[in-house]
Every structure is written in C-alpha cells, then in structure tokens.
Amino acid sequence: MRIFDYLDLWALERPQAEAVVFGDRRITYSDYRREAERFAAGLLALGIERGDRVGLYIPNHLEFLFGYLGTAMAGAVAVPVSWRFSAQEVAYVLGNSGARAVVMETGFMGNDFVQRLEEARPNLPQLERLVVIGGDGPSGSMPYEIFLREGEAFAGEIARRKEEVSEEDGALMLFTSGTTGKPKAPLLTHHNLVSYVRSMISFVGMDPEDRLLMDIPNNHVGGAVMAILSSLACGSTLVMLDSFIPSQVLRTIQEERITVMGQVPAQYILLFMQPDFTDYDLSTVRTAIISGAPTPPELVEQVREKMGIVPLVAYGMTETSGAITSTLPTHSWEKVKGSVGIPIPGVEVKIVGEEGKTVAPGTVGEIAVKGEMVMSGYFGQPEVTAQSFDKEGYFLTGDVGYIDEDGFLHIMARKKEMYIRGGENVYPPEVEDVLYRHPKVMFAAVVGYPDPVLGEKGRAYIVPKPGEELTENEIKEFCRRYLADFKVPDQVIFRDALPLTPLGKVHKYALQEEIRKEFEGNPGR
C-alpha cells in the first residue's frame with residue numbers, strides 16, 4: 001500500500017467527509033484528492049520522475065498537504081523545508097536531498113523565503129525548477145496557478161504514474177533535528193510510513209470520528225507522519241494550525257472539539273502557563289500524546305491534573321517514522337510517569353552493551369529498534385547507514401536507556417549528551433527531570449564541560465519562570481535532595497531563553513558548541 005492509497009480510499013468511500021480544517025476552510029476528502037492530483041500533474045509537467053526529490057518550502061498550509069500527497073502520487077520524494085530555516089539551512093536541506101524542484105511560498109511570519117532561496121541558490125546546482133505560491137518569486141520561477149494549469153495536460157497520466165509507484169519507493173525525507181550535530185536525511189518509504197500509521201492507529205485506538213490537532217511543524221515526523229498520515233489513514237479530520245500560539249491552540253481545541261493531540265513537553269508547559277487556561281473547555285480531548293523530547297514526571301502529573309486525562313508518554317525519532325513506544329492510560333501511574341512505555345505493534349526493542357551484545361533487564365545500554373517502520377537508510381550516506389544497523393538488522397538509535405523487568409523502556413540520554421564526571425556517567429535528562437520539579441524553573445538544559453581534574457563537569461542552563469528569581473546555590477541545594485553529589489550541576493547559568501530547534505526542543509548541540517568555543521585552547525579555564 002502507498003500513502004496516497006488512503007486518500008483514494010476515503011475519497012471513494014467518504015467523499016464529503018471533512019478531511020482537513022484550516023482557518024475558515026473545510027476540505028472534504030474529495031477536495032483533498034482532487035487538489036493532490038492537480039499538484040501531481042503539475043510535477044509531471046515539470047518533468048519530475050520517480051525517485052526525484054521535491055522541496056516543499058511551505059508552512060502548515062493546505063498547499064503543503066496537497067503537495068505532500070501529490071508528490072507521492074508522482075512517485076517522487078517530498079522534502080519539507082522549515083519556514084524558520086536560515087538561508088544556510090535551506091541550502092543544506094535542498095542540497096543534501098538533491099531536490100530538482102521546489103514549490104514555495106514567498107514568506108511567513110516575517111521570514112522572506114524568496115530572499116533566503118536566492119542566497120541558497122549558488123549552492124544548489126541541481127535545482128532546476130521553482131514554483132511560487134501567492135506572489136513574486138525568484139528569477140525564473142513559475143506562479144503556482146500556471147504550474148497547475150500546465151499540469152492539466154498531464155491529468156490523464158496520473159493514474160499510470162500512481163500504478164508504477166512501489167511500496168518500497170521513497171515518499172518522505174525529513175532531516176533529523178540536529179540537536180546533537182549536523183542533520184542527516186532518513187529516507188522513509190511508503191512501506192515504512194504505512195506500517196507505522198497502521199501500528200500507531202491500532203495502539204492509540206483512533207477512528208474516523210476523531211478530530212486530530214496539528215500545531216507542530218510539517219518538517220517534523222510528528223507533523224508529517226504522526227498527525228497528517230495518521231489522520232489520513234483512519235479517515236478522521238485533521239485540524240491544522242500554521243503555528244503554535246497557546247491561546248489559539250486552546251481556542252481551537254474548544255471550538256473544533258479536538259479528541260486527539262500530540263505535542264512536545266515545552267508546548268504543554270506553555271499552554272498550562274496561560275492565565276485563562278481554566279476558562280477553556282478541553283473535555284473532548286481523550287488522547288494527549290507527549291513526545292519529541294524528555295518528559296519531566298511533573299509535567300505528566302500536570303496533564304492529569306489540568307486536563308483530567310492520563311497522557312501517553314511516547315518515544316521515537318525520524319528514523320523510525322514516529323513514536324515507536326508509548327505508555328497507555330491503562331498502565332500503572334508509576335510507569336506512565338517514569339517510562340516511555342512499551343513497543344507499539346510490529347516494533348522490537350533491545351538494549352545493547354559496549355560489545356554490541358543484548359544486556360539483561362535493568363542494565364543501561366544503547367537502545368536498538370527493529371520493525372517495518374524503520375527507515376531504509378540515510379540518503380546518500382551508505383557508510384553511515386551501514387554503521388547505524390547491527391548484524392541482526394536493529395537500528396542503533398544513539399540513545400541510552402534500559403528496559404525494566406516489566407518490559408517498559410526508560411530513556412537516560414543521547415550518547416552524545418552523556419558526560420563522564422570523575423569516572424561516573426551522568427545522564428542530563430535525569431538531572432533535568434529534577435530541575436523541572438523546582439517551582440521557579442520554566443526551562444532547563446544540562447550539558448557537560450571540560451575539567452582538567454575530573455575530565456568533565458556539569459553545567460545547568462536555566463530559564464526561570466516570569467517574575468521569579470533564582471540563585472545558583474538554591475538550585476544546587478534543591479538538586480542535592482534528589483541526586484548523588486556527582487550528578488549535581490557544578491555550574492548554573494541563568495538565561496532569558498535557550499536555543500531551540502523549530503519543534504521546540506532545546507538545541508543541545510548549540511550549547512555544546514558554545515562551550516567548545518568557550519574552552520577552546522584552554523580546557524582548564
């Protein structure tokens with residue numbers, strides 16, 4: 001099965017059912033398929049072939065949905081480009097994907113896409129065609145209306161091209177978030193994506209009556225797969241917002257009667273900080289998924305207290321098409337607060353030690369994952385791909401954790417995040433969990449820094465809640481209540497904000513780079 005087969009299915013069986021809500025526009029499944037096929041025909045008119053990559057430099061707007069499914073119908077690979085990206089990042093994504101064509105808007109939220117693409121173009125010799133939605137584009141570009149009009153001559157070719165598309169063809173290329181280094185490009189096939197959404201829908205229990213909120217970026221697996229494709233696969237309604245604005249999210253949940261939502265921890269924290277939070281009726285929400293970043297136990301408790309439901313705490317990554325373990329409301333409260341759950345159907349998880357051997361329950365090691373939803377590999381990087389899988393075909397995630405006696409997975413840290421203080425391993429998320437318990441802490445991040453005696457020490461970056469004052473000593477004393485001495489941060493730095501990825505994860509790599517430059521040539525400073 002291919003991802004667009006779901007669109008064909010619902011356009012046939014439920015043509016007038018509400019597929020997408022965006023602002024004041026309500027799109028039926030019949031509309032959805034028609035516009036996706038028009039997009040696909042436009043790509044054929046441009047000469048796009050099976051396996052080509054097409055950049056979609058479009059925010060969370062309807063044209064992105066049509067482009068995503070239309071690109072799949074044309075047998076090509078969709079490459080979403082974040083509206084937040086700098087010109088250098090745009091060049092990196094389009095260059096490393098080898099995109100032959102880009103369909104783009106002119107800008108969004110004060111970001112000038114045209115200027116950024118013009119800056120990037122000298123580094124994109126393979127980029128042949130540009131299509132621009134809603135305004136004047138770069139030199140040599142084609143207006144979206146003409147793109148669709150020229151595609152009309154190829155409308156009769158769509159059925160043939162769709163028939164040629166294989167389940168093993170690539171459908172989506174999402175660059176990893178790069179929180180610990182340069183982003184890589186996992187290539188996800190139709191088979192990977194269909195396998196994932198089938199398993200996730202079965203695990204969560206979604207059906208056509210659900211209304212799923214999407215307020216996370218379309219260039220992230222949470223938006224492109226867990227939201228867009230999950231709602232499409234079960235024939236439900238996707239309610240899409242083009243950005244995360246807490247008051248708008250709360251209003252949308254109430255007015256659109258949202259039943260399923262998924263966000264990173266920072267988004268829930270910001271929702272709960274809204275002074276009028278309790279004025280909104282959120283009673284229709286039955287499933288609230290937390291994923292995309294380490295989840296403090298205190299946040300899980302807040303979801304239950306403030307929303308009246310037990311959240312699903314999930315774990316996954318771009319390479320696995322989405323979250324591949326999750327808790328359920330039926331699990332014990334301690335497991336929901338302290339773990340990331342059990343594998344969804346079709347997923348195998350094991351923990352491997354230093355020599356690559358599977359370790360016993362309770363033993364910390366690298367998390368390895370196997371299943372039909374795991375990527376086919378990193379695009380254009382065969383050596384990196386080969387190094388990322390063990391002899392049994394398990395993908396080595398680079399994350400550190402353990403599986404307890406009951407089969408629940410617990411996350412400790414990224415391998416690159418862990419630091420060794422005087423011979424003792426310190427896992428930053430464990431320390432961050434404690435920091436988030438402090439009533440005055442809004443955001444926190446812990447990283448290691450060089451030390452001539454102990455090798456490394458820990459530094460905590462903290463953003464206090466508005467109006468609150470904190471001291472370094474106060475933070476250290478608080479941590480000593482819950483942590484061994486070697487885990488207590490040696491330094492505490494207060495900031496007004498922390499560097500974030502487009503999804504809202506703390507950009508640990510940026511902090512590590514900051515420390516590297518700080519200590520460059522003087523590790524004992």
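Only residues that are part of a loop (DSSP other than H, G, I, E, B) and over 28 Å from the mean Cα position of the chain (by Cα) were counted across segment 112-128, and they come to 2.
Residues in segment 350-376 that are within 29 Å of residue 51 (Cα to Cα) and either modelled with pLDDT under 95 or more than 24 Å from the chain's Cα centre (by Cα) (or both): 376 alone.
Against the numbered list (1) under 26 Å from residue 192 (Cβ atoms); (2) outside any helix (DSSP H, G or I); (3) not polar (S, T, N, Q), residue 131 comes up short only at (1).
To keep it simple, each residue is scored yes or no on (1) over 10 Å from residue 57 (Cβ atoms); (2) surrounded by fewer than 15 Cβ atoms within 10 Å (Cβ to Cβ); (3) modelled with pLDDT of 95 or more.
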{"position": "98", "(1), (2), (3)": "yes, no, yes"}
{"position": "109", "(1), (2), (3)": "yes, yes, no"}
{"position": "129", "(1), (2), (3)": "yes, no, yes"}
{"position": "132", "(1), (2), (3)": "no, no, yes"}
{"position": "135", "(1), (2), (3)": "yes, yes, no"}
{"position": "140", "(1), (2), (3)": "yes, yes, no"}
{"position": "153", "(1), (2), (3)": "yes, yes, yes"}
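One residue stands out among those in segment 393-406 that are at pLDDT 95 or above and of a type in the set (D, E, K, R): the one that is surrounded by the most Cβ atoms within 10 Å (Cβ to Cβ), which is 404. Would it be correct to say that residue 233 is of a type in the set (Gly, Ala, Ser), over 16 Å from residue 291 (Cβ atoms), touching a helix residue (DSSP H, G or I) at 6+ places or on another chain (Cβ under 8 Å) and crowded, with 23+ Cβ neighbours inside 10 Å? Against the criterion (of a type in the set (Gly, Ala, Ser), over 16 Å from residue 291 (Cβ atoms), touching a helix residue (DSSP H, G or I) at 6+ places or on another chain (Cβ under 8 Å) and crowded, with 23+ Cβ neighbours inside 10 Å), residue 233 qualifies.
Among the residues making up segment 263-298, those that are assigned to a helix (DSSP H, G or I) and either charged (D, E, K, R) or crowded, with 20+ Cβ neighbours inside 10 Å (or both) are 265, 266, 267, 268, 269, 271, 279, 298.
Where the second residue is of a type in the set (S, T, N, Q) and the first is touching a residue at least 60 places away in the same chain (Cβ under 8 Å) and lies in segment 121-144, which pairs have Cβ atoms under 9 Å and are six or more apart or on separate chains? Cβ pairs passing all conditions: 129/141; 131/141; 133/106.
Please go through segment 299-308 and pick out each residue that is farther than 19 Å from residue 255 by Cβ and surrounded by 15 or more Cβ atoms within 10 Å (Cβ to Cβ). If the condition is that a residue be farther than 19 Å from residue 255 by Cβ and surrounded by 15 or more Cβ atoms within 10 Å (Cβ to Cβ), then 299, 300, 302, 303, 304 are the ones that fit.
Residues of segment 303-318 that are modelled with pLDDT under 95 and not in a strand (DSSP E or B): 318 alone. Taken over segment 322-337, the criterion of being buried (at least 17 other Cβ atoms within 10 Å of the Cβ) and more than 14 Å from residue 399 (Cβ to Cβ) is satisfied by 322, 326, 327, 331, 335, 336, 337. Does any residue of segment 306-314 turn out to be closer than 30 Å to residue 97 by Cβ and touching a residue at least 60 places away in the same chain (Cβ under 8 Å)? There is no residue in segment 306-314 that is closer than 30 Å to residue 97 by Cβ and touching a residue at least 60 places away in the same chain (Cβ under 8 Å). Cβ separations smaller than 7 Å between residues 6+ apart or across chains give the following pairs from segment 71-84 residues that are closer than 14 Å to residue 379 by Cβ to residues that are aromatic (Phe, Trp, Tyr): 78/68. Of all residues being surrounded by fewer than 21 Cβ atoms within 10 Å (Cβ to Cβ) and basic (Lys, Arg) in segment 1-27, which is nearest to residue 196 (Cα to Cα)? Just the residue, please. Ranking the qualifying residues of segment 1-27, first place goes to 14. When residue 294 is evaluated against the numbered criteria (1) at pLDDT below 95; (2) out of contact with any strand residue (DSSP E or B) (no Cβ under 8 Å at 6 or more places or on another chain), which criterion, by number, is the only one it fails? For residue 294, the exception is condition (2).
Restricting attention to segment 73-96 and to residues that are of a type outside the set (A, V, I, L, M, F, W, C) and assigned to a helix (DSSP H, G or I), the residue that is surrounded by the fewest Cβ atoms within 10 Å (Cβ to Cβ) turns out to be 88.
One line per residue, one yes/no per condition, for (1) under 15 Å from residue 225 (Cα atoms); (2) in contact with a Ser or Thr (Cβ under 9 Å, 6 or more places away or on another chain):
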{"residue": "39", "(1), (2)": "no, yes"}
{"residue": "47", "(1), (2)": "no, no"}
{"residue": "62", "(1), (2)": "no, no"}
{"residue": "79", "(1), (2)": "yes, yes"}
{"residue": "91", "(1), (2)": "no, no"}
{"residue": "95", "(1), (2)": "no, no"}
{"residue": "99", "(1), (2)": "no, no"}
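Across segment 155-168, the number of residues qualifying as part of a loop (DSSP other than H, G, I, E, B), of a type outside the set (Val, Ile, Thr) and crowded, with 18+ Cβ neighbours inside 10 Å comes to 0.
Could you identify the single residue in 450, 489, 429 that is surrounded by 14 or more Cβ atoms within 10 Å (Cβ to Cβ), modelled with pLDDT under 85 and either not assigned by TED's automatic domain parsing to the domain that holds residue 263 or not in a loop (DSSP other than H, G, I, E, B) (or both)?
On the way: 450 fails: modelled with pLDDT under 85; 489 fails: modelled with pLDDT under 85.
Residue meeting the stated conditions: 429.
The values are calculated or read from the model by the stated rules, or taken from the named source; none is laboratory data. In this text the structure is predicted, and so the values were computed from the model without any measurement. All Cβ positions, glycine included, derive from the backbone under ideal geometry; neighbour counts span all protein chains shown.
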